[in-house]
Amino acid sequence: MSKNVKTIKELADELGTNKTRISRIINKNSIPTQKIKNKIVLEDNSVSLIRQYFKNEMQQRLALQDKKLLEEYKSEINDLKALKMPSQDTKEEQANSQPQEELETLKEQIRALNDKIKGQEELNNQSSKKWYQFWK
């Protein structure tokens, strides 16, 4: 074989793929080939067309992978923001509502104690009457 010609197998090995894939690319893009000694060979211009095809395909794959990764990162960031935001709101709400709740609880306790004191005073007033005063 001369230096300016490659078989499909040689090109597949060089590009790290298999012969079937190279054959599909050749058929899909109508790349000219020659048959020498029962082997399909490609001239330099055909080889460079296939290399260009692989280069474009690789760039498209990388761009697609980058896009997918970017979308995943964005969704992870949004998830983290969603997790972070309620906790901050909750802390602020707890900080604001805790003194209010404590104040309400203390007011209720004061009311209950006042009612208890009034009840005790009434009992003391009633019990302070002497037994002999009932007949007067």
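With N the number of residues in segment 1-85, Rg(Cα) / (2.2 N^0.38 Å) evaluates to 1.71.
Show which aspartates and glutamates lie in cross-link reach of K19 when reach means a straight Cα distance below 13 angstrom and same-chain residues fewer than eight apart are skipped. Straight-line reach from K19, under 13 Å: E10.
For segment 60-78 versus segment 1-51, the spacing of their alpha-carbon centroids is 34 Å.
In this structure, the residue pairs whose Cα-Cα separation is over 27 Å, taken from K28/K55; K55/K81; K28/K74, are K55/K81; K28/K74.
Since every read-out is calculated from the coordinates, none of them should be taken as a lab result. This one's a predicted model, so the numbers in the text were calculated from it and none came from an experiment.
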